[in-house]
Structures are given as structure tokens and as C-alpha cells.
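The values are calculated or read from the model by the stated rules, or taken from the named source; none is laboratory data. Since the structure is predicted, the reported quantities are computational estimates derived from the model, not experimental observations. When we count neighbours, we look across all protein chains shown, and the Cβ atoms used for this are built from the backbone with ideal geometry, even at glycine. Side chains are part of the model used for accessible areas, which takes the heavy atoms of the whole protein and leaves out ligands, DNA and RNA. Shrake-Rupley method; radii C 1.70, N 1.55, O 1.52, S 1.80 Å.
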Amino acid sequence: MVQKNFVCKGDICYSKDKNTLQTCKDGYLVCENGVSAGVFAKLPEKYQDFPLLDYTGKLIMPGFTDLHVHAPQYRFRALGMDLELLEWLDTHTFPQEAKYVDTDFARKNYARFVEEMRKGPNTRGCIFGTIHRQSTEVLMELLEEAGLCAMVGKVNMDRHSPDILRETTEESAAETVQWLADVADKFPHVKPILTPRFLPSCTDELLEKLGDIQKQHHLPVQSHLSENRGEVAWVQELFPKSKHYGDAYDSFGLFGGENCPTIMAHCVLSSDDEIRLMKERGVFIAHCPESNTNLASGIAPARRYLTEGIPMGLGSDIAGGTRCSIFFAMAEAIRVSKMRWRLVDESLAPLTIPEVFYLATLGGGAFFGKVGSFAEGYEFDAFVLDDSRYDNPGEYDIAQRLERVIYLTEDSEVLHKFVEGRQLF
Ligand code: GUN
Ligand code: FE
């Protein structure tokens, strides 16, 4: 249904800012031309003629953003969870990703990932493909057909991987330029994002070329940063002149700033200097707590990042993470923050429910613009959830019901979803 003016009635919750959860029981959420006109306890006169979608008793919240996810890894998720990052990449990830050279294989497997995303609460995602240009375009096509909004990257890799998953430097740059030409203006809701895999996968020559491509095409950038001890030590060896991991990206113009919106996943081991630079450049952090536990990477200091005002959202990091659910990522973010506080640093208080809800909605949504809230002027991304099997009718307020669904719900319990005011189901 493409209907950009309507009203949803139900139990509404959204973040006003990182500390403030707004709720409205039996409230009216107005969509006008695909954008939120706000939440009202009583429907204003001027919206009386809009069609009313009555979701009384159901929860209505802003769509979630998965700020870091690898679509090709969906098919082998939950394998190799007894390994650390570099071993896991060599053993499982690289051989699996190499299969996406075959576009038929890619279409079949990407369709499964896209269907899970379509049915769940995520309305947006920043998604890694593989090095393969045509398969990455297939992924973009499937996301567009599903009605989702996304940024998708053809991955760049010209070293330190098996022959079956490595490009030459020239090939990597040329394929990226060709891919950008092929997808330019092809998909209204799915856009390209420059995606050097991580520094060990890219030579200086390639990073230089990618820096030029970024400037020419004004592309956003996504990659990995300071995830694992072995990885960080390796990067220091590979880039001996750089002050830290982030500084190496920065020396190629791939680390934020006004004309280079950037997401860096993990930031588990970032130094004070690296954190300072991220803050200065407005680099978004994709906090991926489940992945960081599975691969024994550690616990990112999310409380510090929030306090310092560094832009941040949540990532599933499939298949470092096993669950696509951003509800699950929220609960994990709270759990690991408690462990860090208890065992590592008592000055970093655990994250709260309003904070993780903020990260899942406004925090990650901000990478897409005015996304992730029901405040007036935000893109109308929303979903409706039936929590009746958890709620003892009337016993809990909306904030408590939200708390319970964060820990209990399955993505499959989403009843209805809207992206930019388009109802997907
Ligand atoms: N670093 C480089 N590649 C990857 C990947 O596929 N997953 C994770 N978690 N970290 C990476
Ligand atoms: Fe990742």
C-alpha cells in the first residue's frame, strides 16, 4: 500500500534524545507525505480526514537501523563461534564469501537475508556485500524490491586473503568505479557506500585510490576499527607510520569529516587519541556487542562513547553476531556494559533501556538523516508489535512493556511495518 497520509493509533514510544523515552497510550501518530507530523494524545482537527489504522493495544515504535551487517554471512551464521576474529575470517568467512562470485548463488542466499530483514523491525541497514560487483548489485536490487532503505557496499580487498577472494589493486578500484556507474540512480532507496573491508585487506595503493573515489563521488564510508588485539597489532605493523588504526584510515581521507560520513564497526580497543579523532570527525560507531562476545574481541566502552557524544548505533554484525534482531543487540549492549562496569571499570555505568532504545532508533538512524524518531519532520519509519502474550493486560506501562519486549520478543512478532510512509505489510 502506498499511502503517504494516514494516522496510526496505538501505544506509542520513541526517543526524544538519548535519555528521554516518550510514550503515549492510545495515542495518534500522524504520517503526512511520508514524514511524521508528530504524536498526539487527541487527534488534531486537520488530520480528522486521514485514514485511521487502528492498532489499539499494540506497541508502535520507530523502525530500527542495523548499522553494521554482512549480508553474505547470513547463510553460515553461528559457525565457528569458538574462534577469534582472524582465524574465523580465514576458516569460515573468506571461503563462504568467495561463493558469491556466482550471481545465482548470491540471489538465492541474499533473498533469505533480505526476507528476514523485511519481516523484522529494521527499516534501514548499512550492509556489506562481497568483493563481487554484480552480486552486490543483486543484493541492492533485492533490498529495493523488499521496500527497505539501505546503504550497501561492494567490499574492497587486495591482500591477505585467499586467491578466490582477492582482487588486484587496479581491479578493485576499477570494479568499484564500474559498480558505482551501474547503480547510480538505479535504486531510489538503496545507495552505495564505499567499503574497504578493514586495513589488513587493503594495500596503501588501494586505500589511496579509494580516497580519490570517495572525494569524486562524495560517498559515505563503512569499515571495521580496533576490533581485536591481534588485528590491532597487525595494523600497527602494516602501517608503522600511523599513530593509531583510525589515523591510518584518516591518512587516506577515509575517516569522517563533513564530506565523508563514516561508520566504523566495533571500536573495542580504541585509544584515547583514536577516540578524540572519531569525535572530531563525527565518525559513527557501530556497536556490535553480540559479535564482540562471540569472537572474544572484548567489550566496547559504549558508556564512554555516549557520554562523549560520539554518534553511535547498534549493529548485528552477522555473522560475528548470530542474531539479526536489534532487540537482541539492545539486550546484549546492556549485558556487556554491566560486565565492563563490574569487571573492568566501575566509572562506566551500565547502559539503560532508554539509552539502548535510542541507539537502535535515533542513534543509528541519524546516519540516514532525520530517521529514528516520531518527532515532527522525521521520516515515517515505524513498526507495530503485538506484545499481548507478554503483557498482563493493564499491569504494565508502555516503558515497562518496551523493557520486556527488548528481552523477550522475536523479530517475527512484528505485525506491520512502514518505511518512509510506505506500508510494507
Ligand atoms: N574484520 C574484517 N572483516 C570482518 C568481518 O567480516 N567481520 C568482523 N566482525 N570483523 C571483520
Ligand atoms: Fe563486521
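To the nearest 10 degrees, how steeply does helix 204-217 sit against the main Cα axis of the chain, on a 0 to 90 scale? Relative to the chain, helix 204-217 is tipped by roughly 40 degrees. The Rg/Rh ratio for segment 47-149 is 1.11, where Rg is the radius of gyration of the alpha carbons and Rh is the Kirkwood radius. Share of pairwise Cα-Cα distances greater than 18 Å in segment 117-169 is 40 percent (whole percent). In the chain, Cα pairs under 8 Å separated by at least six residues give a relative contact order of 21 percent. Per the Debye formula on identical point scatterers at the alpha carbon atoms of segment 162-277, with no solvent, log10 I(q)/I(0) at q = 0.15, 0.18, 0.20, 0.22 Å⁻¹ is -0.68, -0.95, -1.14, -1.32. Rolling a 1.4 Å probe over the heavy atoms of the protein chains gives segment 276-414 an accessible area of 37 Å² per residue. Relative to the globular-protein estimate of 2.2 N^0.38 Å, the Cα radius of gyration of segment 330-417 stands at 1.26. Across the chain, counting alpha-carbon atoms alone, Rg and Dmax equal 20.9, 66 Å. Evaluated on segment 252-403, the Kirkwood hydrodynamic radius is 16.5 Å, with distances taken between all distinct Cα atoms. Peptide packing: for 380-386, 155-161, the average count of neighbouring Cβ atoms within 10 Å per residue gives the ranking 380-386, 155-161, highest mean first. Placing one equal scatterer on every Cα of segment 231-319 and applying the Debye formula, the log10 ratio I(q)/I(0) at q = 0.13 Å⁻¹ is -0.41. Peptides 278-286, 357-365, ordered by how many other C-beta atoms sit within 10 Å of their residues on average, highest first, read 357-365, 278-286. Note on the chain: helix-only mean residue ellipticity at 222 nm, from DSSP H runs of 4+ residues weighted -39500 (n - 2.57) and normalised by residue number, equals -10000 deg cm²/dmol. Rg/Rh, computed from the Cα trace of segment 276-345 with Rh as the Kirkwood radius, has the value 0.97. The packing ranking, built from the mean of other Cβ atoms within 10 Å per residue, places the peptides 93-101, 135-143, 14-22 in the order 135-143, 93-101, 14-22, highest first. A simple charge model with +1 on the Cβ of Lys and Arg, -1 on the Cβ of Asp and Glu and nothing else charged puts the dipole of segment 81-194 at about 480 debye relative to its Cα centre. Nonpolar atom fraction for the chain, defined as the carbon and sulfur part of the 1.4 Å probe accessible area, stands at 48 percent. A 1.4 Å probe run over the protein chains yields, for segment 3-138, 40 Å² of accessible area per residue, whole-number rounding.
Annotation: amide H-H contacts under 5 Å for His416 (H modelled 1.01 Å from N, sequence separation of 5 or more, or interchain): Val384. Specify the inter-centroid distance of segment 269-306 and segment 314-393, based on alpha-carbon positions, in whole Å. Here the two parts' Cα centres lie 15 Å apart. Could you give log10 I(q)/I(0) at q = 0.11, 0.16 Å⁻¹ for segment 1-83, computed by the Debye formula over C-alpha point scatterers of equal weight, without solvent? After summing over all Cα pairs, the log10 values are -0.45, -0.70. DSSP bridge analysis restricted to the chain gives an antiparallel fraction near 45%, rounded to the nearest 5.
The long axis of helix 229-238 is offset from the longest Cα principal axis of the chain by roughly 50 degrees.
Could you give the angle, 0 to 90 degrees to the nearest 10, between helix 326-343's Cα long axis and the longest principal axis of the Cα atoms of the chain? Computed tilt is about 70 degrees.
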